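Enquirer: First the structure, which I've put down as structure tokens, then a few questions once you've had a look.
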Amino acid sequence: MATSEPYDYDGQNNREEQKFEDDESPQKLYKFLDKENLPIDGKKVVQNFQLQASKKGEQYVSERREQVIRTVEETTQRYKSDKSNGSGNVDIEQKISMTESNFYAPKASMGGGVQRISTVNRLSQNFQLHQNDIVISVRNPERRGGAVGKATYYDIQGSDKDGDFKVVRSHDDFLRIRNVLVKRWPGCYIPSVPPKRVLTKVDDKFLEGRRKEFEMFVQKITELPHLHYSREYQLFLRSNNPNFEQELEPFQKVAYEDVIMRYKTVFKQILQLRATPESEKKILEFKEFLQSVHTNFKNFKKVLKKTVLARKNYYDQLMAFHQAMSVGYEKTVLSKIQTQPTSVFDNTESGELEGRVEGVKQAGEYGSIEYLHAWMKAETREIGAFLEAIKQKEEYDDKRTKATQRWTSTTRSLENAQQGRRSIKAMLTFKSPEQEATILEGKAVGQDKEQKQLQLLYDYIVLILAHSEIDRFKERKTDQYHHVVNLAAQYELENLRNLSDYWSTILTLDMAASKNPIASRNVSG
């Protein structure tokens, strides 16, 4: 997304993500409507639309144009309805007019430079929500700062449907963006990031481990396109403002109405269902299951950690044994009792043994157990992240209960005021029953709106957890488990081949040495 000015974070404007399906495509296409009209390159949008059209033929052009026209007409009616109800923007007619002209005449000149183009115009950019459409990596961990207060920064680079991106982010930035995502997407699973640790030795191995964990985070986000293409996360990927923390601040405050709007567009099909006691039961049972598994995983992790250390110790000792046989025995002992020494462990003539030794060293550096241990660490955090999403459901349940209690209390006070009974507060502030009633009426209206929004949002969270997040989490864990086992087996087979090659070479060299007649006489003598 090309921009010539900073993103506009006007609190009055809300982002809408509009989802629809293209029957001609095997994959779902998501279109994101942005009511606040972020500045984008108009020429690029139209050129992209024309390019897609030229690739897919005239029939596609006709079908897409009809689809776009329908979308524009529906959006126009909604905007006009908003305006008639007093909730639309003052320049809404101008936006509708621009939207219609842009789509009905897509070949018209867009003018030079960067323009503020209507939200609906972004429909010509087709986001195929599939992780293969997004390429992203985390690279080059770099320590910055003085002797005290050092921080590590990472390069994030890649591309998605909005173009290329490259930014530098710290550990704190990863924690900040996740915190914002958790707030803005209550009840949704948000991948975990590693916590900050105090008094930890920061060496190359530690930094590489952190890099992998952060890369795992951003790659998991690509599997959740409603998060990847959200305003806050796109800011994380694209903003080069040195005051990134301040840029992210407006997203910390979340309005219930905004969340409801996002969920209505992103989870449209799921929210057509009704929240039932069975949905609540499914969430509760899965929570209890995860809690038990979470404890088991912590124990598994301890076992694997000990196994990793034992395995590393074995390979370290094997290399120490090789060194002892090479230098400690063949060079210092065997060479003294042979008139023509023939080496096995110290054989460097062909260079073959040196290669085998390097293979064993690599096996000692990383193997299947290390891989399983890293996976188990990540799984433990991911379970915690999902339990966090379920906890949000419980928090919103508490919020809606308290909101209802506040509204009930205000309504009772209003009834008393309407009957001429003044409250103690009204007496102290010298307000008449009529004045108090007017104040309470406004308060009751606001509280009624809040409790209804919280009730609706709670129902949405229940539906999203029960009919989307839990099933997707289970499916992903099943696929991931088989992937991990497959890779672990490949690691171990490769390490065993390296170990087998090492001992096979030792055996071959020993047989060659034992057939040496001089060596044989010296040994027999």
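No value in this document is a laboratory result; all are computed from the given coordinates. In this text, all values refer to a predicted model and were calculated from it rather than measured experimentally. Cβ: placed from backbone, ideal geometry, glycine included. Neighbour counts: every protein chain shown.
Enquirer: Can you list the trypsin sites (Lys or Arg not before Pro) in segment 328-435 that are in a DSSP coil and have 13 or fewer other beta carbons within 10 angstrom?
Expert: Listed in order of number, the matching sites are 421.
Enquirer: Along segment 496-504, what does the Karplus equation 6.51 cos²θ - 1.76 cosθ + 1.60 (θ = phi - 60°) give for ³J(HN,Hα), rounded to whole Hz, x for Gly and Pro?
Expert: Computed from phi, the couplings for segment 496-504 are 5, 5, 4, 5, 5, 5, 4, 5, 5 Hz.
Enquirer: Taking neighbour counts of Cβ atoms within 10 Å as a proxy for exposure, in what order, fewest first, do 180, 327, 357 appear?
Expert: Going from sparsest to densest Cβ surroundings: 327, 357, 180.
Enquirer: Continuing with the same structure: Order these by the 10 Å Cβ neighbour count, fewest first: 458, 491.
Expert: By the 10 Å Cβ count, ascending, the order reads 491, 458.
Enquirer: For residue 419 and residue 205 in the same chain, what is the full-extension length gain: residue separation times 0.36 nm, less their Cα-Cα distance, in nm?
Expert: 69.6 nm
Enquirer: May I ask you to derive the FRET efficiency for residue 402 and residue 254 from their Cβ-Cβ distance with R0 = 22 Å, giving the value to the nearest 0.05?
Expert: 0.80
Enquirer: Using 0.36 nm per residue of separation minus the Cα-Cα distance, give me the extension gain between residue 164 and residue 284 in nm, one decimal.
Expert: 39.0 nm
Enquirer: Something else: For segment 322-463, what's the relative contact order in percent, using C-alpha pairs closer than 8 Å and at least 6 residues apart?
Expert: Answer for segment 322-463 is 20 percent.
Enquirer: As a quick test, which of the pairs 212/477; 287/477; 205/306; 268/443 have an alpha carbon distance above 22 angstrom in this structure?
Expert: Long pairs (Cα-Cα over 22 Å): 268/443.
Enquirer: Can I ask one more? With r as the distance between the Cβ atoms of residue 501 and residue 335 and R0 = 22 Å, compute the FRET efficiency 1/(1 + (r/R0)^6) and round to 0.05.
Expert: The computed FRET efficiency comes out at 0.25.
Enquirer: Would you kindly calculate the translational diffusion coefficient of segment 205-323, applying Stokes-Einstein with the Kirkwood radius from alpha carbon pairs, for 20 °C and a viscosity of 1.002 mPa s, and quote it in µm² s⁻¹ without decimals?
Expert: D, rounded to a whole number, is 108 µm²/s.
Enquirer: Same structure again: Using θ = phi - 60° and the Karplus form 6.51 cos²θ - 1.76 cosθ + 1.60, what ³J(HN,Hα) does each residue of segment 462-472 get, whole Hz, x for Gly and Pro?
Expert: 4, 5, 5, 5, 6, 10, 9, 5, 5, 5, 5
Enquirer: Take the Cβ-Cβ distance between residue 490 and residue 441 as r, set R0 to 60 Å, and report the resulting FRET efficiency rounded to the nearest 0.05.
Expert: 0.30
Enquirer: Charges at C-beta only: +1 for Lys and Arg, -1 for Asp and Glu. How large is the resulting dipole of segment 131-266 about its Cα centre, in Debye rounded to 20?
Expert: 400
Enquirer: Further question: When 160, 510 are ordered from fewest to most other Cβ atoms inside 10 Å of their Cβ, what list results?
Expert: Starting with the residue having the fewest Cβ neighbours, the order is 510, 160.
Enquirer: Right, something else. Considering segment 131-266, what Rg and Dmax in Å follow from its alpha-carbon atoms?
Expert: Just the Cα atoms of segment 131-266 yield Rg and Dmax of 15.4, 50 Å.
Enquirer: Now a separate question. Note down the net charge around residue 207, summing +1 for each Lys or Arg and -1 for each Asp or Glu among other residues with Cβ under 12 Å from its Cβ.
Expert: Computed value for this residue: +3.
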